[in-house]
1. To check my understanding: the extent here is largest minus smallest coordinate of the Cα atoms along each principal axis. What are those three numbers for the range 1-117, in Å, largest first?
2. Give me the extension gain from E46 to E68: residue separation times 0.36 nm, minus the current Cα-Cα distance, reported in nm with one decimal.
3. Where in the range 47-61 does the label zone of F36 land, with the point 7 angstrom along Cα→C-beta and an amide N cut-off under 16 Å?
4. Divide the volume of the convex hull of the Cα atoms of the chain by its number of residues and quote the answer in cubic angstrom per residue.
5. Only helical DSSP H runs with n ≥ 4 go in: add -39500 (n - 2.57) per run for the chain, normalise by residue count and round the 222 nm mean residue ellipticity to 500 deg cm²/dmol.
6. Arrange D185, D197 by Cβ neighbour counts within 10 Å, fewest through most, would you?
7. Just in the range 27-82: which GluC sites (Glu not before Pro) are loop by DSSP and have at most 12 other Cβ atoms within 10 Å?
8. Over the range 7-94, what is the percentage of antiparallel beta bridges among all DSSP beta bridges, to the nearest 5?
Amino acid sequence: MVKNNNKICIIGTGGFGREVLCCLIDLYRSSKINIFENVYFMVSDEYYKEETVMGVKVIKLSDFVTSEYNVFVAIGNPQARRKIVESLPLQTNYLTIIHPSALVSDFTEIGEGSIITAGTILTCNLKIGKHAHLNLNTTIGHDCVIGDYFTTAPATNISGNCKIGDSVYFGTNSAVKEGISICSDVTIGMGGVVVKDINEKGIYIGNPLRKLERK
């Protein structure tokens, strides 16, 4: 998880960034690592406002040295997260975080830079891409193949044999029927229920699900 005993850098001090910090505290609670001496937040220079957040030092992007940190990009929006990753040096080492309460089978493949938060259940023969954020109590069934920058809000439930593209976002309490395919760049609103394939990018809401047309 942590390369060469480097310090940990969480990019973003927003709500999810602070939740990532709490996840790390839980993960290292029984170890000798002092989280508050080894973890840093980082923001762009123009967003730098305070020296510490929740007791953790905040550094500016201009002070970031790639070789010194294991990086986690804690930006909830998939497209914004992708832009940040693409702007960082190719040699950046990304952290993958799995909360100790998550149930992840040995037959699950998780891409670098991803986080599996508390209460999440991942069953067997899953493949999840890079920089995924699986929020509280997400469940994903067997044989799903999921792209990069995948994001779930709490209590998302995805049945088995689904294929999901890149930069897909699921709102709180959304659900997906077994065997569904969803293309890239799709947002499913809170409580959305997916029972048919989605082949066009866009925002989908409701039960039954419908595409939200922009005016």
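1. Principal extents (Cα only, largest first): 42, 30, 28 Å.
2. Values: separation 22, 0.36 × 22 = 7.92 nm, distance 2.23 nm.
Full-extension gain reported as 5.7 nm.
3. Only 51-58 fall inside the zone, counting backbone N under 16 Å.
4. 123
5. Dividing the helical sum by the residues of the chain leaves -3500 deg cm²/dmol.
6. Values: D185 17, D197 13.
Ascending Cβ contact count within 10 Å gives the list D197, D185.
7. E50, E51
8. 10
No lab work stands behind these numbers, since they all come straight from the coordinates. Being a predicted model, the structure only gives us computed values, none of them experimental. Note that each Cβ is placed from the backbone with ideal geometry, even for glycine, and that neighbours are counted across all protein chains shown.
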